[in-house]
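Colleague: After the structure tokens below, expect a handful of questions from me.
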Amino acid sequence: MIKIQNQSEYEIAYRKSVENPEAFWAEVADSFVWYQKWDKVVEWNFLSPEIKWFCGGKTNITENCIDRHLKVRGNKIALIWEPNDPKERYIRLTYRELAERVNQFANVLKNNGVKKGDRVSIYMPMIPELAISVLACARIGAIHSVVFAGFSSASLADRINDSECSVVLTSDGLNRGEKQIPVKRVVDEALESCPSVQKVIVVDRLGWAIHMEEGRDVYLHDELKNAEKYCAPEPMDSEDPLFILYTSGSTGKPKGVVHTCGGYMVYAEYSFRNVFQYEESDIHWCTADIGWVTGHTYIVYGPLLAGATSVMFEGVPTFPDPGRFWQVCDKWGVTHFYTAPTAIRSLMQAGEDHVLAYSLDSLKVLGSVGEPINEEAWHWYHTHVGKGRCPLVDTWWQTETGGIMISTLAGVTPMKPAHATFPLPGIQPVLLDSDGNELAGNNVEGYLCIKYPWPSIIRTTWGDHERCRINYFATYKGYYFTGDGAKRDENGMYRIIGRVDDVINVSGHRFGTAEIESAINQNSNVVESAVVGFPHDIKGQGIFAYVICKEAPENAEYTRAEIVETVVAQIGRIAKPDVILFVSGLPKTRSGKIMRRILRKIAEGEYENTGDTSTLLDPLVVEEIIGQAKQVRNT
Ligand code: WT7
């Protein structure tokens, strides 16, 4: 275990991690329980790519998240569950209780035919069973694939089919603010086209009378009656897959990012402990959903590996009012609060009074993740939430990196508004120019790549290794390419600018423009569409869709609503376009490529300097689109 506690320790650790990465990571990995120790720390090749960490080692991540803590922390709270409705009773599980629940759930999985290596899809709201089921899969070596419960049945079906899941874990419905939303019904719809699924295990969250398919669907509470209390952890090879998590790229359907047992475990704990400067009595609250990687690493695995107390929240930041986050912080004495800039911006808009109504005395560290945090939001968060006394860590990372890569270490290394700052020891970022040359020195801007592997780097994309190679390892030979652009300031601090590929980051969630376009094109009125991101006050980026219809819509509002519905059905509510502009053509080059640069300018409201249009097949189309845009936006 390594905990870096001051600037000079950071520098020493960083230097060691570059000069002798194997010794550095061996020291970090040494504090875990290994059934068999590794023979080699790392073997790698970024061309194929083939990356292995802690080769030959055997372990089980749940042994490290749970069992090893029982002697010293058996009665310590592992998980605090805060319900959507503050009037409903919370749930607290000690490490011992969590152990029981995970073991029993693991036996339920076994009794339902799940074996090591099988894929299990988890489509559940933020209830304790979600965290427990993730750990139950890991305990028996089943590969979990958590799908955020806001995705549509079509998206769920795609993800289930891509990894051929045999079992789905779900609930009857979910609570979201004032609303109750069906969940099992979405699963039923998805399963009409998922031949691999044999069993569905349902948590009764709302007490609804739902359809239960004979021979396929069972209730968790019934299954638990026949489940033994103990389930031995399955010894897993370091490089056995631990989970798949689907994420969007610039092309095609979402891809299944694969993380493996040993390396992910080591990096989740190491990054958690060091970035947040974790101490034994801390109460850590990450507000993400476990459906995203942030929830995997910093609600479930990181905190539990460290033996911490992790808060899990079912609700939304604005229910019953925009003071909810702060009320929960005071209620549980939260010391570490980790959220997304979009949440900060929306609470900022609701006014200071909501945050000033709470003491927030317990807070020690604030965190930000998912998208660039603008300076205004940074200062509001630091001043009003942190009362100017809590370090604020702006943590840059990705689904593919498994854990935080570039961030201030709270109170240890310097911070700067809107800057992720410095890499963690063990992480070697570089900025490249478009020819792939490394940019030396400071005050430079380029494509953010990583030149040496770290333990939780993506290993493959499920079922399609070539796609992994092309997406991340082919653009710049010998480097992992992040898809982000970044600057290094005069002091060597990194500032992440944003995606340089066709990926839009909406409220910290990734969508490929191609993915949204293909959803829009499912609408029978639509001939063609082009989607770009544009700056949005709350969401960071909004979705702007240019749509060509078969016939000019008679009632534009009606057609817009129909297109939105199509996107909701194909992807989910989170991918709703903010602006739909009907156009008769798109700016294309003679080879038929859409010039998104121009569409992005227009979406930003920039109508004058659309740049060089001489290579366009029909330059006049730009004038027409600008005319339409002005009409819609009344500018
Ligand atoms: C993309 C990854 C990592 C967990 C949540 C998102 C953007 C992430 C930051 C940050 C600026 C950030 C990047 C990255 N991003 N954190 N602190 N500052 N941008 O995971 O869905 O895999 O998205 O989110 O563009 O590539 P993800």
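The values are calculated or read from the model by the stated rules, or taken from the named source; none is laboratory data. Everything numeric in this text was worked out from a predicted model, so none of it was measured. Neighbour counts run over all protein chains shown; Cβ positions are idealised from the backbone, glycine included. The accessibility values were calculated without ligands, DNA or RNA, using every heavy atom of the protein model including side chains. Shrake-Rupley method; radii C 1.70, N 1.55, O 1.52, S 1.80 Å.
Colleague: Can you list the HN-Hα couplings for the stretch 363-370, worked out from phi with the Karplus curve (6.51, -1.76, 1.60; θ = phi - 60°), rounded to whole Hz and with x for Gly and Pro?
Modeller: Residue by residue, the stretch 363-370 yields 5, 10, 9, 10, x, 9, 7, x Hz.
Colleague: Rank these residues by their accessible area, most exposed first, probe 1.4 Å: Lys179, Lys40. It would help to have the intermediate numbers written out before the result.
Modeller: Details: Lys179 130, Lys40 80 Å².
Ranked list, largest accessible area first: Lys179, Lys40.
Colleague: Hey, another quick one. Using the Cα centre of the stretch 506-634 as origin and beta-carbon charges of +1 (Lys, Arg) and -1 (Asp, Glu), tell me which of Ser518, Ser584, Ala561 is placed farthest towards the positive end of the dipole.
Modeller: My answer, from the dipole projection, is Ser518.
Colleague: A further question on this structure: In whole Hz, with x marking every Gly and Pro, tabulate ³J(HN,Hα) for the stretch 188-203 from phi via Karplus 6.51 cos²θ - 1.76 cosθ + 1.60, θ = phi - 60°.
Modeller: Per residue, the Karplus-derived 3J(HN,Hα) values read 4, 5, 4, 5, 4, 10, 10, x, 6, 7, 9, 9, 10, 10, 10, 8 Hz.
Colleague: For Ser518, what charge total do you get from the other residues with a beta carbon under 14 Å from its beta carbon, if Lys and Arg give +1 and Asp and Glu give -1? Don't skip to the answer; put the middle values down first.
Modeller: Numbers: positive: Lys253; negative: Asp158, Asp502, Glu515, Glu517, Glu528.
Summing Lys and Arg as +1 and Asp and Glu as -1 gives -4.
Colleague: Right, next: Ranking request for peptides 126-133, 212-219, 147-154, 435-442: highest mean number of other beta-carbon atoms within 10 Å first, then the rest in descending order.
Modeller: On the way: 126-133: 24.4, 212-219: 13.1, 147-154: 22.1, 435-442: 11.4.
Peptide ranking by packing, descending: 126-133, 147-154, 212-219, 435-442.
Colleague: What does the net charge come to around Asp502 if you take all other residues with beta carbon closer than 10 Å to its beta carbon, with K and R at +1 and D and E at -1? Show your work: numbers first, answer last.
Modeller: Numbers: positive: Arg499, Arg596; negative: Asp501, Glu515, Glu517.
Cβ neighbours under 10 Å give a net charge of -1.
Colleague: At 1.4 Å probe size, with the rest of the protein present, what percent of the exposed accessible area of the chain is carbon and sulfur atoms?
Modeller: Details: 11450 of 23930 Å².
After summing per-atom areas, the C and S share lands at 48 percent.
Colleague: For the stretch 61-209, what is the accessible area per residue in Å² when the probe is 1.4 Å?
Modeller: Numbers: 5240 Å² over 149 residues.
On a per-residue basis, 35 Å².
Colleague: Give the span of the chain's Cα atoms along each principal axis, as three whole-Å numbers ordered largest to smallest.
Modeller: For the chain, the Cα spread along each principal axis is 73, 63, 54 Å.
Colleague: Below 9 angstrom from the Cβ of Glu43, what's the summed charge of the other residues (Lys, Arg +1; Asp, Glu -1)? Walk me through the intermediate numbers first.
Modeller: Numbers: positive: Lys40, Lys52; negative: Glu50.
Its environment carries a net charge of +1.
Colleague: Moving on. Accessible area of Lys451, 1.4 Å probe, to the nearest 10 Å²?
Modeller: 80
Colleague: Just the C-alpha atoms of the stretch 25-85: what Rg/Rh do they give, with Rh taken as the Kirkwood radius?
Modeller: 1.18
Colleague: Now for a different question. Of the listed pairs Lys71/Lys364; Lys601/Lys630; Lys52/Lys451, which have alpha-carbon separations greater than 19 Å here?
Modeller: Checking Cα-Cα distances, Lys71/Lys364 exceed 19 Å.
Colleague: Right, here's the next one. Going by the alpha-carbon gyration tensor, a ≥ b ≥ c the square roots of its eigenvalues, is the stretch 15-132 rounded (a/c under 1.5) or, if a/c is not under 1.5, prolate (a/b greater than b/c) versus oblate? Intermediate values should be presented prior to the final figure.
Modeller: Details: a/c = 2.08, a/b = 1.73, b/c = 1.21.
Prolate is the answer for the stretch 15-132, as a/c is 1.5 or above and a/b outweighs b/c.
Colleague: With contacts defined as alpha carbon pairs under 8 Å and 6 or more residues apart, what's the relative contact order of the chain in percent?
Modeller: On the way: 1396 pairs, mean separation 79.5, N = 635.
Relative contact order of the chain: 13 percent.
Colleague: Counting only C-alpha contacts under 8 Å and six or more residues apart, can you give the relative contact order of the stretch 237-341 as a whole percent? Can you show the working numbers first?
Modeller: On the way: 141 pairs, mean separation 25.6, N = 105.
About 24 percent, as a whole number.
Colleague: Could you name the lysines in cross-link range of Lys184, using Cα to Cα under 18 Å and dropping any fewer than eight places away on the same chain?
Modeller: The reachable lysines, counting only those whose Cα sits under 18 Å from Lys184, are Lys199.
Colleague: Mind running the shape call on the stretch 402-468? Use the C-alpha gyration tensor, a ≥ b ≥ c as the square roots of the eigenvalues: rounded below 1.5 for a/c, prolate if a/b tops b/c, oblate otherwise.
Modeller: Details: a/c = 2.56, a/b = 1.32, b/c = 1.95.
Oblate, because a/c is 1.5 or more while a/b does not exceed b/c.
Colleague: Per-residue HN-Hα couplings for the stretch 87-95, Karplus 6.51 cos²θ - 1.76 cosθ + 1.60 at θ = phi - 60°, whole Hz, x for Gly and Pro?
Modeller: Once rounded to whole Hz, the list reads 7, 6, 6, 6, 10, 10, 10, 6, 4.
Colleague: Are there any GluC sites (Glu not before Pro) in the stretch 252-295 that are in a DSSP loop and have at most 13 other Cβ atoms within 10 Å? List them by number. Don't skip to the answer; put the middle values down first.
Modeller: Numbers: sites: Glu269, Glu279, Glu280; in loops: Glu279, Glu280.
The qualifying sites are Glu279, Glu280.
Colleague: Another question, if that's okay. Taking the highest mean first, how do the peptides 496-503, 515-522 order by number of other beta carbon atoms within 10 angstrom per residue?
Modeller: 515-522, 496-503
Colleague: Would you be so kind as to identify which of Pro83, Ala268, Trp208 lies farthest towards the positive end of the dipole of the chain, taking Lys and Arg as +1 and Asp and Glu as -1 on Cβ and the Cα centre as origin?
Modeller: Ala268
Colleague: Taking the Cα centre as origin and putting +1 on Lys and Arg beta-carbons and -1 on Asp and Glu beta-carbons, what dipole magnitude results for the chain, to the nearest 20 debye? Before the final figure, lay out the partial values.
Modeller: Details: 65 positive and 81 negative charges, 194 e Å.
Dipole about the Cα centre, nearest 20: 920 debye.
Colleague: To continue, here is another question. Mind listing which GluC sites (Glu not before Pro) in the stretch 64-112 are in a DSSP loop and have 14 or fewer other Cβ atoms within 10 Å? Before the final figure, lay out each step's value.
Modeller: Working: sites: Glu88, Glu97, Glu100; in loops: Glu88.
Listed in order of number, the matching sites are Glu88.
Colleague: Please list, in chain and number order, the residues 5+ apart from Val393 or on another chain whose amide H is under 5 Å from its amide H, with Hs placed from the backbone.
Modeller: Leu366, Gly367, Ser368
Colleague: Long-range amide H contacts for Ile122: which residues qualify at under 5 Å (H placed 1.01 Å from N, peptide plane, sequence gap of 5 or more or a different chain)?
Modeller: Placed amide hydrogens put Ser145, Val146, Val147, Leu169 under 5 Å from Ile122.
Colleague: Cα centroids of the stretch 2-17 and the stretch 22-74: how far apart, whole angstrom?
Modeller: Centre-to-centre (Cα) distance: 21 Å.
Colleague: Mind listing the long-range amide H neighbours of Gly117? Cut-off is under 5 Å, sequence gap 5 or more, other chains count too, H placed in the peptide plane at 1.01 Å from N.
Modeller: Those qualifying (amide H under 5 Å, at least 5 residues apart or on another chain) are Ala142, Ile143.
Colleague: Kindly report the accessible area of the stretch 506-634 per residue (heavy atoms of protein chains, probe 1.4 Å, no ligands, DNA or RNA), in Å². All intermediate terms of the calculation are to be shown ahead of the outcome.
Modeller: Working: 6210 Å² over 129 residues.
It amounts to 48 Å² per residue over the stretch 506-634.
Colleague: Can you list the trypsin sites (Lys or Arg not before Pro) in the stretch 582-622 that are in a DSSP coil and have 15 or fewer other beta carbons within 10 angstrom? The partial results should precede the final answer.
Modeller: Working: sites: Lys588, Arg590, Lys593, Arg596, Arg597, Arg600, Lys601; in loops: Arg590, Lys593.
The qualifying sites are Arg590, Lys593.
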